Each structure stands twice: as C-alpha cells, then as structure tokens.
Amino acid sequence: MSPITAPPAEPVDLNDRAQLRGVFGTFPTGVTVVTVGGSEPRGMTANSFTSVSLSPPLVLVCVSRDAVMHQRLAALDTFAVSVLEAGQEKAAQHFADRSRPPGADQFDSVDWLLGERTGTPLIAGAVAHLECEKRRVYEGGDHTIFLGEVLAATRWPVRESMLYSGGRFRRFAQDPGEGRAA
C-alpha cells in the first residue's frame, strides 16, 4: 500500500494550553465526581479517571496541583469515585465550579449518600460507585496521579454513562435496533 494524502491538519502549539486542551479533548471520556470525606468533605468533577488493574482492583485519578481537591486527596487515605449517569450534567457542572461552597455545604445542591466502607460522599443516581484506599501518589507534570485500591464497588447496569468530548457533555448514540425484539 502507498501512503495516502491526508486532509490539511492544524498544527498545535504545545505551549498554548488552550490548543493542547483542544487536542486532548478529542478523546471521549466518561465523567466522574471524585470525593473525599472527613472534616472537610470535597467533590471534584474529573474525566481523568481510569481503571488500572483487576487484581488487585486499582484505579487512578489525576488532579491538578492547584486544585483544592489536590490538598484534600494528599492528606487523606481514602476517596471515592461516582461515575455519572447521562443526564447528571448539573452535578458535573456544580463540582467543576471553583466558586462552589467549601466543605459539606457543597453537597447541599445534589442528592448523595455516605459510602458504607469509607464514609465518603457518593453522588446518588450515578452509574457506579467505587470506594478506594489511596495506595500510591505519582508526579504527573502539573497534575498528581493518585492510585487507589478499590475497597467496595456498586453499579446500576440499567443506567447509561455520561460522556465528555470536545468540551461538551454527550450521550451514546442510540442503536436503531436497540429495544426491538429479535
């Protein structure tokens, strides 16, 4: 095979954060709210979350070093992840807003419950909840990578996960044959 001629591309200035964010934003992700409990509970919308291992069950989340959540995660041994359902844009936007109230008051505008294993707030209506114990912390440029071992997990398989791509919340496309009898 011969190489093809590609359509013109836009070169990206790697020193321009907006341009680089645009490139990174072309990769669709799920949307989560990462939470910590304790005397100053905190939540933060994050799409930089991924599973790492099944045995032991490990996940990671990347948090900007200048985020309040960074300080809270660094100080505590446990955290939780709520995988948001399509339609929970209000919760995602709320926990992305840096002007939300500090401490427990920031949970007043969303339905939530306490994790049974860690006592960490979990967002009600989510597709899944993971309660984690922090295992390792790694430097990641202007972010820190927090690796957690999953202590407890629950899921609701009838719920559809929210997507984030191109700076917008999205849903999976409906399969035209879905829901029809075979």
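The values are calculated or read from the model by the stated rules, or taken from the named source; none is laboratory data. The structure presented is a predicted model; accordingly, all values stated were derived computationally and were not measured. Cβ coordinates were reconstructed from backbone atoms using ideal geometry, including for glycine residues, and neighbour counts include every protein chain displayed. Accessible surface areas use protein heavy atoms only, side chains included; no ligands, DNA or RNA. Shrake-Rupley method; radii C 1.70, N 1.55, O 1.52, S 1.80 Å.
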Would you call residue 2 free of Cβ contacts under 8 Å to residues at least 12 places away in the same chain, open to solvent by 70 Å² or more (accessible area, probe 1.4 Å) and either acidic (Asp, Glu) or not in a loop (DSSP other than H, G, I, E, B) (or both)? no
Failed condition for residue 66, given (1) assigned to a loop (DSSP other than H, G, I, E, B); (2) open to solvent by less than 70 Å² (accessible area, probe 1.4 Å); (3) under 17 Å from residue 96 (Cβ atoms), with all others met? (2)
For the stretch 5-21, name all the residues that are surrounded by 10 or more Cβ atoms within 10 Å (Cβ to Cβ) and part of a helix (DSSP H, G or I). 17, 19, 20, 21
Between 6, 80, which is of a type in the set (A, V, I, L, M) and over 21 Å from residue 152 (Cα atoms)? 6
Looking across the stretch 51-63 at residues that are of a type in the set (A, V, I, L, M) and in contact with a strand residue (DSSP E or B) (Cβ under 8 Å, 6 or more places away or on another chain), the single one that is most open to solvent (accessible area, probe 1.4 Å) is 52
Considering the stretch 69-89, residues that are over 17 Å from residue 168 (Cβ atoms) and among the small types (Gly, Ala, Ser), and then whichever is most open to solvent (accessible area, probe 1.4 Å), we arrive at 75
So residue 119 clears everything in (1) outside any loop (DSSP other than H, G, I, E, B); (2) over 15 Å from the mean Cα position of the chain (by Cα); (3) touching a residue at least 12 places away in the same chain (Cβ under 8 Å) except one condition, right? Which one? (1)
Could you tell me whether residue 92 is at pLDDT 95 or above, hydrophobic (A, V, I, L, M, F, W, C), assigned to a loop (DSSP other than H, G, I, E, B) and open to solvent by less than 20 Å² (accessible area, probe 1.4 Å)? no
